[in-house]
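Since every read-out is calculated from the coordinates, none of them should be taken as a lab result. Since the model is a prediction, treat every value here as computed from it, not as a measurement. Every residue, glycine among them, receives a Cβ derived from its backbone with ideal geometry; neighbour counts consider all protein chains shown.
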Amino acid sequence: MTLLFFSDIPWEHLYQRPQQLASRLAQRWHVLWIEPATLGAPRKWTPVRTQDRLDLLTIPLFPHYARNTVLRILSRFFSSLPPARWILNRIQRFLIRRALKRLGIARNEIIAVVQNFQYIALVEYLKPMTVLFDYIDDAFGFIQYPAYVRDDWRKAIRMAATVTATAPALQRQIERERAVPVHLVENGVDVAAFATDSPPPRPADMPAPAKPIVIYVGTIASWFDFGLLETLLRTIPEFEFVLVGPAHPEVTLRLTGMHDFANLHVLGKRTHTSIPAYLTASTVGIIPFTRNRLTEGVNPVKLYEYAAAGLPMVTTAFSDDLGRFRDIAFISDTPEEFCAQVKLAVDRSHDAVHAARLRQFARENDWTMRAETIASLLTQYTHTNTNRLHQP
């Protein structure tokens, strides 16, 4: 049995849910990871082995998600032409057939996890034994898609034997479309990466530990509340604020304009293996998101990572679903409240009982448990579909 894992991102992107699940599912099945062609990421037009039983393959899509504005405009134009979509579909079929042949994979022995629903026409062509749609973000919270993409999203929901969603808001969105089983499978954390006998070496680019260090780890994009960050920098100059993660081109100027603050340290993207060291060297973690359609359905990975590091955390009230995390996070409704709660969180950083509670929460939400849930659902629905196929 081979699992085809249709991803939104290349393997070399921020190492989060897609890679965490795929690498663990490869302990049970051979996994062929399928990713879109993305600027800055290596192309794998033929399968490339990245770990035992896990191969990577690039299959192009129209780059509606592209960071480059011109590329997005061109993508929207060409994808509106049926002949262009037909040509792309034939290229996709050729690449997947060639990959399956080279890997010796039989078409009648594949199952599929679909995170990138724009591949759904290819999934339909392959006719896997079962399809699990892993819905990880509000598809229409990022950009305005062409109309046909919404049809692809609906087709993914119809084709799926079962659907998993990372947040209750996303569950409800799917359930409004179809009465299909939707299982809440939230994000998680690699607890083992944080469970070391001794603290990892302090990163050289972190500020000195003389002052409390407030850290944000993750992508810096349109959902990041820069106004709130500026309020924090002005209101609490005695704290150091560290941002770790890539910045989207659309917000680069906004971020550059804040470099005059001496207590702001913008470190850029770092490897996922180094993140525990940055968090261990910090005092408090923050999630300063604005509230919009996208963030209302977000289940932030950083929440679990902060917990694994034992970091008290403060978040904006960007989603109604956050109420479930009040035992482990300070949730703020206003910038003033956020500033006050950052100070409270710094005080809480000396509370060993609270740190133990955070780490216990992390252990209960390890990525291995998430992968086991996905694997169980795939096995269950593959068995169900196989029985259905063999009924007289």
How far is the Cα center of the range 339-365 from the Cα center of the range 139-211, in Å?
23
With -39,500 (n - 2.57) per DSSP H segment of 4 or more residues and division by the full residue count of the chain, the 222 nm estimate, nearest 500 deg cm²/dmol, is -11500 deg cm²/dmol
Most mobile listed residue (373, 334, 219) in the chain, GNM with C-alpha springs under 10 Å:
334
Expressed as a whole-number percentage, the relative contact order of the range 191-363 with C-alpha contacts under 8 angstrom and at least six residues apart is 23
By what distance, in whole Å, do the Cα atoms of the range 228-290 stretch along each of the three principal axes, largest value first?
30, 29, 23
Roughly how tilted is helix 367-389, in degrees to the nearest 10 and between 0 and 90, from the longest Cα axis of the chain?
20
Multiplying the sequence separation of residue 143 and residue 101 by 0.36 nm and subtracting their Cα-Cα distance, what value in nm do you get?
11.5 nm
Relative contact order as a percentage, the chain, C-alpha pairs under 8 Å and 6+ apart, gives 15
For the chain, modelled as a Gaussian network with Cα springs under 10 Å, which listed residue fluctuates most, 123, 251, 113?
251
Taking only C-alpha pairs under 8 Å that are 6+ residues apart, what is the relative contact order of the range 96-185 in percent?
25
Considering only DSSP states other than H, G, I, E and B, which trypsin sites (Lys or Arg not before Pro) in the range 288-334 qualify as loop sites with at most 10 other Cβ atoms within 10 Å?
326
Cross-link partners of residue 269 among aspartates and glutamates (Cα-Cα below 14 Å; sequence separation of 8 or more within a chain):
12, 205
Looking at the range 212-292, which GluC sites (Glu not before Pro) are DSSP coil and have at most 14 other C-beta atoms within 10 Å of their C-beta?
238
Qualifying chymotrypsin sites (Phe, Trp or Tyr not before Pro) for the range 26-70 [loop in DSSP, other Cβ within 10 Å: at most 13]
45
Quick one: among 43, 24, 178, which has the greatest mean-square fluctuation in a GNM of the chain with alpha-carbon springs under 10 angstrom?
178
Hits among aspartates and glutamates - C-alpha to C-alpha of residue 211 under 18 Å, sequence gap 8 or more where chains match
238, 240, 347, 351
Classify the range 241-330 as rounded, prolate or oblate, taking a ≥ b ≥ c as the square roots of the eigenvalues of its Cα gyration tensor: rounded when a/c is under 1.5, otherwise prolate if a/b is larger than b/c and oblate if not.
oblate
The helix 69-79 Cα axis meets the longest alpha-carbon principal axis of the chain at an angle in degrees, between 0 and 90 and rounded to 10, of 20
With viscosity set to 0.890 mPa s at 25 °C, what whole-number translational diffusion coefficient in µm²/s follows for the range 191-363 from Stokes-Einstein and a Kirkwood radius over Cα pairs?
152
Sites residue 266 and residue 204, calculated FRET efficiency, Cβ-Cβ separation with R0 22 Å, nearest 0.05:
0.90
Hey, what angle do you get for helix 352-363 against the long axis of the chain, alpha-carbon based, 0 to 90 degrees rounded to 10?
10
